[in-house]
Amino acid sequence: MAGDRYAKRRKQLMRKLRAKHAESLLVTNFTNVTYLTGFSGDDSFLIVGRDKTILISDGRYTTQISEECPGLDVYIRPQKEGLVAATAKVARRAKIRNLGFESNSTTVDQAEGLLSALKSTELIPLSGLVEELRLCKDPQEVADLREAVRQAEKGFEVLKATLRGEQTELQVAHDLEHSMRGFGAVGTSFPPIVAVGPHSALPHATPRHVLISDASFVLVDWGANGQTGYKSDLTRVLATGKISSKLEKVYGVVLNAQLAGIQKVRPGVRCCDVDAAARKVIEDAGFGKKFNHGLGHGLGLDIHEGPRLNSATELELRPGMVVTVEPGIYLPGWGGVRIEDDVLVTKDGCEVLTSSPKAFDEIILDF
Ligand code: GLY
Ligand code: MN
Ligand code: MN
């Protein structure tokens, strides 16, 4: 039963709370609320305690909550009662003496409101407990991620077949979203990046009213938001004009770096060592300073979540983690190349969930 899945997560959270000497946790990150309950709305907090779990929400969500999390205790606050005041009331009624709260998502105003309303409750700032649980995906989450990958890749196939020089970056971004929705996505996992020429040297470029035919290659970074909120994230570069030796060279370095990174992904390997394996390929080719971000990030209900693949993260990979591997080389005034795939850490290695073609001869479009 779906409810058991969420109850199991809350039980795991309680174990973590006990280790922090906290009796209960106020969850203020809406994505964490979803992860712990299955409730897909927002503007709601959750108190998870030993004896009681209570969702604090409002009248817009009464029916939705009864459908998505039957059996869960709910407090529906009246319109004139704010979320913090309602939370304090619930905590007082439940006689909670000791309440952890997510200090990485609770605002200063909310924390001050709780402190002044709960004079006889000890409030303990706690950070990242639910995020730690979210690091490793269960089989249903992996299936949901696979579905988001399928939607993204099907949509991209349609895009490649219909891409024309007279489209603008913005039109391409729009068409890509439309085709992913046609394959079942409820939307994009983030606003797609479509960038031609020098604009592609901005790792997070915003699409413009600029024609695809204005340059000889286009970078597309996109993903689907699946029905259950799990997200995919890919990047491909497509050659749409005269192929320069520079593009071929830079692309080859990035692809080799990505393959070196992926090869390193397995349980027990530190995130920073995966980053280093890919980064070394780019450094050895003389482009080290032009790879100006971490190698990748975890993927799940959020487009960016733990674990981070960068030079600072010493956490070891574990089975069930899903990460992007996305090295890039960005040359201001010329353009950028990034290749991004989604990778599942398995018991004895990894599985690349994404399969859009990426060999150099496969990214050349017949334009
Ligand atoms: N789409 C943003 C990223 O690749 O992290
Ligand atoms: Mn991306
Ligand atoms: Mn990414």
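Each value in this text was obtained by applying a stated rule to the coordinates, not by laboratory testing. All values reported here derive from a predicted model rather than from experimental measurement. Glycine also receives a Cβ, built like all others from the backbone with ideal geometry; neighbour counts cover every protein chain displayed.
Using only the Cα atoms of region 291-363, build the gyration tensor, take square roots of its eigenvalues as a ≥ b ≥ c, and label the shape rounded, prolate or oblate: rounded if a/c is under 1.5, else prolate if a/b is larger than b/c, else oblate. Walk me through the numbers on the way to the answer.
Working: a/c = 2.31, a/b = 1.39, b/c = 1.66.
Oblate is the answer for region 291-363, as a/c is 1.5 or above yet b/c matches or exceeds a/b.
Which aspartates and glutamates have a Cα less than 18 Å from the Cα of K246, not counting those fewer than 8 places away in the same chain?
Filter leaves D214, E283, D284, D361, E362.
If R0 is 22 Å, what FRET efficiency do you get for H178 and T346 from their C-beta distance, rounded to 0.05? Spell out each step's value before the answer.
Values: r = 34 Å, r/R0 = 1.54.
That pair, H178 with T346, gives E of 0.05.
Out of the GluC sites (Glu not before Pro) in region 121-215, which ones are loop residues according to DSSP with at most 10 other C-beta atoms within 10 Å?
Working: sites: E122, E131, E132, E141, E147, E153, E157, E166, E169, E177; in loops: E166.
Filter output for region 121-215: E166.
Pairs to check: K264/K358; K154/K358; K16/K280; K231/K347. Give those whose C-alpha atoms are more than 27 Å from each other in this structure.
Working: K264/K358 19 Å; K154/K358 15 Å; K16/K280 37 Å; K231/K347 22 Å.
The pairs that break the limit, which is 27 Å between Cα atoms, are K16/K280.
Work through the residues other than D214 whose Cβ is under 12 Å from its Cβ and net out their charges, Lys, Arg +1 and Asp, Glu -1.
Result for the neighbourhood of D214: -1.
Answer with one residue from V352, V33, I54: the one whose Cα lies farthest towards the positive end of the charge dipole of the chain, charges on Cβ with Lys, Arg +1 and Asp, Glu -1.
Of V352, V33, I54, it is I54.
Send over the per residue convex hull volume for region 153-299, Cα only, as a whole number of Å³. Walk me through the numbers before you get to the answer.
On the way: hull volume 16.9 nm³, N = 147.
Convex hull volume per residue, Cα atoms: 115 Å³.
Dimensions of region 14-162 along principal axes (Cα, Å, largest first)?
64, 36, 30
Just to confirm a number: summing +1 for Lys and Arg and -1 for Asp and Glu over residues other than L126 whose beta-carbon lies under 14 angstrom from that of L126, what do you get?
For residues surrounding L126, the net value is -1.
Which of the listed residues, F45, L17, Q110, is farthest toward the dipole's positive end in the chain, when Lys, Arg count +1 and Asp, Glu count -1 at the beta-carbon?
Most positive-ward Cα: L17.
Would you pull out the residues with amide H under 5 Å of R208's amide H, same chain only if 5 or more places away, H placed 1.01 Å from N?
It is E169, L170, by chain and number.
Can you check how the C-alpha radius of gyration of region 99-157 compares to 2.2 N^0.38 Å, as a plain ratio?
Values: Rg = 18.9 Å, N = 59, 2.2 N^0.38 = 10.4 Å.
After normalising by residue count via 2.2 N^0.38 Å, the value is 1.83.
In which sequence would L353, L159 go, from the one with the fewest C-beta neighbours within 10 Å to the one with the most?
Working: L353 20, L159 24.
Fewest to most other Cβ atoms nearby, the residues stand as L353, L159.
Might you report the magnitude of the Cβ-based charge dipole of region 156-245 about its Cα centre, with Lys and Arg at +1 and Asp and Glu at -1, to the nearest 20 debye? Walk me through the intermediate numbers first.
Working: 7 positive and 8 negative charges, 19 e Å.
Dipole size: approximately 100 debye.
Would you kindly give the portion of the calculated P(r) for region 177-232 that falls above 17 Å, as a percent of all Cα pairs?
Tail of the P(r) past 17 Å holds 43 percent of the pairs.
What dipole magnitude, in Debye to the nearest 20, does region 24-139 give about its Cα centre under +1 on Lys/Arg Cβ and -1 on Asp/Glu Cβ?
Values: 13 positive and 15 negative charges, 109 e Å.
Result for region 24-139 is approximately 520 debye, rounded to the nearest 20.
Placing +1 at every Lys and Arg Cβ and -1 at every Asp and Glu Cβ, with all other atoms neutral, what dipole size does the chain have around its Cα centre, in debye to the nearest 20?
1180 debye
Looking at the calculated P(r) for the chain, what percent of the C-alpha pair distances fall above 25 Å? Walk me through the intermediate numbers first.
Values: 39291 of 67161 pairs.
When all Cα pairs of the chain are counted, 59 percent exceed 25 Å.
Normalised radius of gyration for region 234-280, please: alpha carbon Rg relative to 2.2 N^0.38 Å, two decimal places.
Numbers: Rg = 13.5 Å, N = 47, 2.2 N^0.38 = 9.5 Å.
After normalising by residue count via 2.2 N^0.38 Å, the value is 1.42.
Hey, what do the phi angles of region 2-19 turn into as Karplus ³J(HN,Hα) couplings, whole Hz, using 6.51/-1.76/1.60 and θ = phi - 60°, x for Gly and Pro?
Going residue by residue, I get 4, x, 4, 4, 6, 4, 5, 5, 5, 5, 5, 5, 4, 4, 5, 5, 4, 5 Hz, with x marking Gly and Pro.
Of P267, L299, G328, which is farthest on the positive side of the dipole of region 266-348, counting Cα position, with +1 on Lys and Arg Cβ, -1 on Asp and Glu Cβ, and the Cα centre as origin?
With unit charges placed on the Cβ atoms, the residue in question is G328.
May I ask for the distance between the Cα centers of region 309-359 and region 56-110, given as a whole number of Å?
Measuring centre to centre over Cα atoms gives 38 Å.
Can you check what the Kirkwood hydrodynamic radius comes to for region 52-92, Cα pairs only, in Å to one decimal?
Working: mean 1/r = 0.0950 Å⁻¹.
Every distinct Cα pair counted, the radius reaches 10.5 Å.
Between D51 and D138, what is the spin-label point distance in nm, taking each point 7 Å from the Cα along the Cα→C-beta axis?
Going from the D51 label point to the D138 one covers 2.7 nm.
At 37 °C and 0.692 mPa s, what whole-number value in µm²/s does Stokes-Einstein give for the translational diffusion of region 47-135, with Rh from the Kirkwood sum over Cα pairs? Don't skip to the answer; put the middle values down first.
On the way: Rh = 14.1 Å.
The diffusion coefficient I find is 233 µm²/s.
Roughly speaking, what is the centre-to-centre gap between region 222-249 and region 156-186 when only Cα atoms are used, to the nearest Å?
12 Å
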